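These notes concern the structure reproduced below.
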Amino acid sequence: MKKWIVTAFAALFLLCGCSNGNPVTKVKLPPPTARPSVEVYGTDVSVTVDGISVEAVKIDGEVAVALEDLSFCDFEKRETREDETFDMVGGYSGNYIENTVTNQSPEGEFLGNSISSSDITRVNGIKIENDLYNGKHYASVNDLCDMTDEYNKEWGYSDYNMRMMENNGNIEIECFRFPPVDMAKNLENAEPLVTNAEFELYTKGSVDETVHFGGKFEPETGVIAGINGDGNGDGKDENPPIFDHDFGCYSNYIEFDYMQDDLFMPNRKIVPKKDCVMLVPWNTTDITLAFDPQYEDYIRQTLDNLKKYEKPVIVRYACEMNIGDLGLSPSAYVKAFRHIADIVHEYGFAVMWSPNDVSSLNQEYSWYYPGNEYVDWVGISSFIRKDFMNKVPTSREEAILFNCGDYAYHTNSIKYILQFMEKNGINKPVAISEGGIISKAEYEGAPEDYTKWAYDRLGNMYWYLPMRYPQVKMINYFNHTTPGAVIGYYLGDRPDYVPIIDNALKNGPYLLSGSDSVDFTFVKAKDRAYKESNIPLYCYVYLPEEEVVSVTYIIDGQEIANLTEIPFNCNLDTSSFTEGAHNFTVKIQGSKNEYINEYVITKTDGIITIQ
């Protein structure tokens, strides 16, 4: 399959944004300590990588191969990291180059001396010690294939995605590769999730009916409303509050790579004044830093600083691994996550595992899940946009696969992670760890007016997510602007979004502070007995490829409400109902079709049932 499907998500990652844009100062670490120069000898041991021969030598008594020669074995040489030499990436299946080794020197022949390398080189995103010889970087095959702990054995590959077998004294290396993308299979799996109309009636239930998993800092009731740390103004006149209230969660970004050990300003001043949960996305582009001795004190210092805020802290480490280079080595990712999670738990903090909502099409959630004991919350990044990679027109297939256009709703994007959790018995509170609805579209061919489209998605995000999926316990809006970006999610670009969000926050089951509470949860309205005469009804509607124009409630042929905005709320007064059965019709007018749902409301000895 074309590699554009894979690399597209790296660009998508940049479009979504995972940083609050505050400037950081990069800490320059010293290069690795150079090892003494050693002699290089020939060897009779032949080495193959996925069946392709590569030249081998012996350095310091170990069989070694040139990293550059992995290009014969469908590894791509990437020079993408600042101050580093290259990364040999072989995560994807593709074309191999036949390579017949003709110049390998015999066993014991002295070839010269290697020069110990201080260059930072990588294989599948993971640093590896190497020696310079004959213009190339040589690494030990034992290092490349080393099963350093039990998880490597469980996964079946080293941190470099390799495993070694010896055959008559020769070495055969087999590599883990992401499977080729099967577009037909992916569409077959995705279409049933997003192409069928959905409808359900909801009402307000008792808080005793709240779905609760007992997760660390999971609210007993309600959904934590969140925003990035300075997303609701920073106390300056030029950046006044957008909302007239606080939030139950403030998301504060910390950059692991740069040794940022505290919140950015102005968050460092904003958050202490709030009664809130602190969500801390601890971003990294290099999971190997988790085990780097130079970072040991930094990790502890950062957590010590977070402890000083005296708030519930949820650490969201190494997010969105399923769409970029961070996930090139699944085993290394899991080991790093577990290591950080163990330390974070020592501090009494919670840990959030947070992939992107839709994976690259050949990368599975399961490869990166670190295990229930290491995870307190499951989050997803979920940004709603019109076009895939700003491509106009976006095809129907792309819209289905990548949650764009007509199919772009949070109640769709969340289905993938919930499927994974159900299949694997993962019972954890779920968060939209960062998300939003596109508020700026300045690319070629971008729609000039997408107001109705956006309003429907805002209602879906803030009303339908907690209504449809009660395991969702936190929603964080990524209210941030990135200068020069052609798409964005900044509410300052669309202040008309704010009243729609605010209506849900004030009237839905949201927690706007750490000590806030709610007195209801959404439950399905059908097959319940109601003693009260005033029944609040809400209508969940999803119509693929068409807009919902209105929802009309009709009792015994008489219209009692015609509504045009999500959540289509109507208070059903049954005090005048006679004893017995009454016809209840919910008519949904779509932009293309009309849909009728019939119910029977029965009143028996004053008790109402809807069936």
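The values are calculated or read from the model by the stated rules, or taken from the named source; none is laboratory data. All figures in this text were calculated on a predicted structure; none of them were measured in a lab. Positions of Cβ are backbone-derived with ideal geometry, glycine not excepted, and every protein chain shown enters the neighbour counts. To get the accessible areas, we keep the full protein, side chains included, count just its heavy atoms, and leave off ligands, DNA and RNA. Shrake-Rupley method; radii C 1.70, N 1.55, O 1.52, S 1.80 Å.
For this structure, a couple of remarks:
- Against the criterion of being without any contact (Cβ under 8 Å) to a residue 60 or more places away in the chain and in contact with a strand residue (DSSP E or B) (Cβ under 6 Å, 6 or more places away or on another chain), Asp496 does not qualify.
- Check on Val351, in a strand (DSSP E or B), over 13 Å from the mean Cα position of the chain (by Cα) and under 20 Å from Asn476 (Cβ atoms): yes
- Check on Asp50, open to solvent by less than 50 Å² (accessible area, probe 1.4 Å), touching a helix residue (DSSP H, G or I) at 6+ places or on another chain (Cβ under 9 Å) and at positive phi: yes
- The range 139-161: number of residues that are out of contact with any helix residue (DSSP H, G or I) (no Cβ under 7 Å at 6 or more places or on another chain) and either surrounded by 23 or more Cβ atoms within 10 Å (Cβ to Cβ) or assigned to a helix (DSSP H, G or I) (or both): 9
- Looking only at the range 53-98, and only at residues there that are in a loop (DSSP other than H, G, I, E, B) and open to solvent by less than 30 Å² (accessible area, probe 1.4 Å), the one that is modelled with the lowest pLDDT: Gly91
- Count of residues meeting criterion [within 23 Å of Arg468 (Cα to Cα) and open to solvent by 30 Å² or more (accessible area, probe 1.4 Å)] in the range 555-573: 7
- Set Thr609, Thr602: member being within 30 Å of Thr411 (Cα to Cα), open to solvent by 30 Å² or more (accessible area, probe 1.4 Å) and part of a strand (DSSP E or B): Thr609
- Scanning the range 514-554 for residues that are open to solvent by less than 30 Å² (accessible area, probe 1.4 Å), in a loop (DSSP other than H, G, I, E, B) and in contact with an Asp or Glu (Cβ under 7 Å, 6 or more places away or on another chain) yields one hit, Pro544.
- The set of residues in the range 126-138 that are assigned to a strand (DSSP E or B), open to solvent by less than 50 Å² (accessible area, probe 1.4 Å) and within 17 Å of Thr288 (Cα to Cα) comprises Ile126, Ile128.
- Among the residues of the range 574-584, the one identified as of a type in the set (Val, Ile, Thr) and open to solvent by 20 Å² or more (accessible area, probe 1.4 Å) is Thr578.
To keep it simple, each residue is scored yes or no on (1) under 29 Å from the mean Cα position of the chain (by Cα); (2) closer than 26 Å to Leu491 by Cα.
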{"position": "Ala504", "(1), (2)": "yes, yes"}
{"position": "Leu512", "(1), (2)": "yes, yes"}
{"position": "Phe522", "(1), (2)": "yes, no"}
{"position": "Ala525", "(1), (2)": "no, no"}
{"position": "Arg528", "(1), (2)": "no, no"}
{"position": "Pro536", "(1), (2)": "no, no"}
{"position": "Val541", "(1), (2)": "yes, yes"}
{"position": "Glu547", "(1), (2)": "yes, yes"}
{"position": "Val551", "(1), (2)": "no, no"}
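- Filtered residue count, the range 304-327, keeping only those that are closer than 20 Å to Arg81 by Cβ and in a helix (DSSP H, G or I): 3
- The range 232-250 - residue that is open to solvent by less than 30 Å² (accessible area, probe 1.4 Å) and small (Gly, Ala, Ser) and, of those, nearest to Arg316 (Cα to Cα): Gly248
- Hey, Val123 within 26 Å of Met321 (Cα to Cα) and surrounded by 17 or more Cβ atoms within 10 Å (Cβ to Cβ) or not: yes
- Where Gly324 falls short, out of the listed (1) surrounded by fewer than 24 Cβ atoms within 10 Å (Cβ to Cβ); (2) within 22 Å of Phe178 (Cβ to Cβ); (3) touching a strand residue (DSSP E or B) at 6+ places or on another chain (Cβ under 9 Å); (4) modelled with pLDDT of 95 or more: (4)
- Here Lys473 fulfils each of the conditions (1) of a type in the set (Lys, Arg); (2) within 27 Å of Val223 (Cβ to Cβ); (3) surrounded by fewer than 18 Cβ atoms within 10 Å (Cβ to Cβ) apart from (3).
- Taking the numbered list (1) part of a loop (DSSP other than H, G, I, E, B); (2) aromatic (Phe, Trp, Tyr); (3) crowded, with 20+ Cβ neighbours inside 10 Å in turn, Phe213 passes all entries but (3).
- Count of residues meeting criterion [more than 11 Å from Ile554 (Cα to Cα) and touching a residue at least 12 places away in the same chain (Cβ under 8 Å)] in the range 589-598: 6
- Residue in the range 415-424 that is open to solvent by 10 Å² or more (accessible area, probe 1.4 Å), of a type in the set (A, V, I, L, M) and in contact with a helix residue (DSSP H, G or I) (Cβ under 7 Å, 6 or more places away or on another chain) present: no
- Scan of the range 555-577 for residues that are part of a loop (DSSP other than H, G, I, E, B) and among the hydrophobic types (A, V, I, L, M, F, W, C), ordered by number: Ile566, Phe568, Phe577
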